[in-house]
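The values are calculated or read from the model by the stated rules, or taken from the named source; none is laboratory data. Everything numeric here is computed off the predicted structure, so don't read it as measured data. Virtual Cβ from ideal backbone geometry, glycine too; neighbours counted across all protein chains shown. Calculation scope for accessible area: heavy atoms of the full protein, side chains included, ligands and nucleic acids excluded. Shrake-Rupley method; radii C 1.70, N 1.55, O 1.52, S 1.80 Å.
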Amino acid sequence: MYTVSNEVLREEIPHLRRYARSLTHDIDRADDLVQDVLERGISRIESFHSGSNLRTWMFAIMHNLYIDQCRRDKRCGIHLPVEDWMDLIEQPAAQIWNSALDDFAKGFEKLKKTEQTVLFLVGLEGLKYEEAADRLGIAVGTVKSRLSRARATLRVCHQEFPH
């Protein structure tokens with residue numbers, strides 16, 4: 001059985017780390033790969049032939065482990081710690097907004113057509129009261145009173161249809 005001294009293995013670690021970093025482009029993954037290579041190399045040292053180049057043999061192990069990891073990642077997906085992606089998916093539950101939208105739709109249906117039109121122009125289109133009045137051919141005061149009645153009706157409907 002062939003044995004390799006700890007000192008010989010230690011001398012190979014910087015070379016293994018450089019090669020692992022060139023493969024993974026990630027320091028942490030590279031260190032994990034080096035550790036896996038050392039473990040595999042030490043556990044299978046009997047397959048190393050005396051007189052062969054140890055670095056070449058360890059690089060071959062690393063290459064094969066890296067390829068296996070790539071295949072596994074492709075098949076299973078890359079593992080990302082929860083902390084890395086949780087902030088990206090946190091969002092409030094949509095049910096609250098859906099419920100509020102349903103309440104608004106029910107309330108909007110109860111409005112008179114003239115109130116719906118004013119609410120649409122001022123609330124959704126963002127027209128100023130004067131612009132809405134000009135478009136509808138009515139006084140600014142009429143726009144304000146229709147908008148006020150529409151808002152009051154919607155508030156009452158919101159209370160009638162609690163989430």
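So Phe108 fits all but one of (1) at pLDDT 90 or above; (2) open to solvent by less than 90 Å² (accessible area, probe 1.4 Å); what number is the exception?
The number of the failed condition is (1).
Quick one: is His49 touching a residue at least 40 places away in the same chain (Cβ under 8 Å) and outside any helix (DSSP H, G or I)? Steps first, answer last, please.
Values: touching a residue at least 40 places away in the same chain (Cβ under 8 Å): yes; outside any helix (DSSP H, G or I): yes.
Criteria met by His49.
Of these, His63, His79, which one is open to solvent by 50 Å² or more (accessible area, probe 1.4 Å), outside any loop (DSSP other than H, G, I, E, B) and in contact with a helix residue (DSSP H, G or I) (Cβ under 9 Å, 6 or more places away or on another chain)?
On the way: His79 fails: outside any loop (DSSP other than H, G, I, E, B).
Exactly one of His63, His79 is open to solvent by 50 Å² or more (accessible area, probe 1.4 Å), outside any loop (DSSP other than H, G, I, E, B) and in contact with a helix residue (DSSP H, G or I) (Cβ under 9 Å, 6 or more places away or on another chain), namely His63.
Quick check: is even one residue across segment 137-150 touching a Phe, Trp or Tyr at 6+ places or on another chain (Cβ under 7 Å), at pLDDT 80 or above, open to solvent by 50 Å² or more (accessible area, probe 1.4 Å) and part of a helix (DSSP H, G or I)?
Yes, because at least one residue in segment 137-150 is touching a Phe, Trp or Tyr at 6+ places or on another chain (Cβ under 7 Å), at pLDDT 80 or above, open to solvent by 50 Å² or more (accessible area, probe 1.4 Å) and part of a helix (DSSP H, G or I).
For Leu54, which of the numbered conditions (1) open to solvent by 50 Å² or more (accessible area, probe 1.4 Å); (2) more than 35 Å from the chain's Cα centre (by Cα); (3) not small (Gly, Ala, Ser) fails to hold?
Among (1) open to solvent by 50 Å² or more (accessible area, probe 1.4 Å); (2) more than 35 Å from the chain's Cα centre (by Cα); (3) not small (Gly, Ala, Ser), the lone unmet condition for Leu54 is (1).
Please determine, by comparing only the residues of segment 23-38 that are of a type in the set (A, V, I, L, M, F, W, C) and open to solvent by 20 Å² or more (accessible area, probe 1.4 Å), which one is farthest from the chain's Cα centre (by Cα). Spell out the reasoning first.
Initially, segment 23-38 is screened for residues of a type in the set (A, V, I, L, M, F, W, C), giving 23, 27, 30, 33-34, 37-38.
Restricting the remaining residues to those that are open to solvent by 20 Å² or more (accessible area, probe 1.4 Å) gives 23, 27, 38.
On the way: Leu23: 25, Ile27: 23, Leu38: 35 Å.
Among residues in segment 23-38 that are of a type in the set (A, V, I, L, M, F, W, C) and open to solvent by 20 Å² or more (accessible area, probe 1.4 Å), the one farthest from the chain's Cα centre (by Cα) is Leu38.
Could you grab me the full set of residues in segment 111-129 that are open to solvent by less than 100 Å² (accessible area, probe 1.4 Å) and in a helix (DSSP H, G or I)?
Thr114, Glu115, Gln116, Thr117, Val118, Leu119, Phe120, Leu121, Val122, Gly123, Tyr129
Taking Met86, is it assigned to a helix (DSSP H, G or I), at pLDDT 90 or above and open to solvent by less than 90 Å² (accessible area, probe 1.4 Å)? Don't jump to the end; show me each part of the working.
On the way: assigned to a helix (DSSP H, G or I): yes; at pLDDT 90 or above: no; open to solvent by less than 90 Å² (accessible area, probe 1.4 Å): yes.
So Met86 does not fit the description; no.
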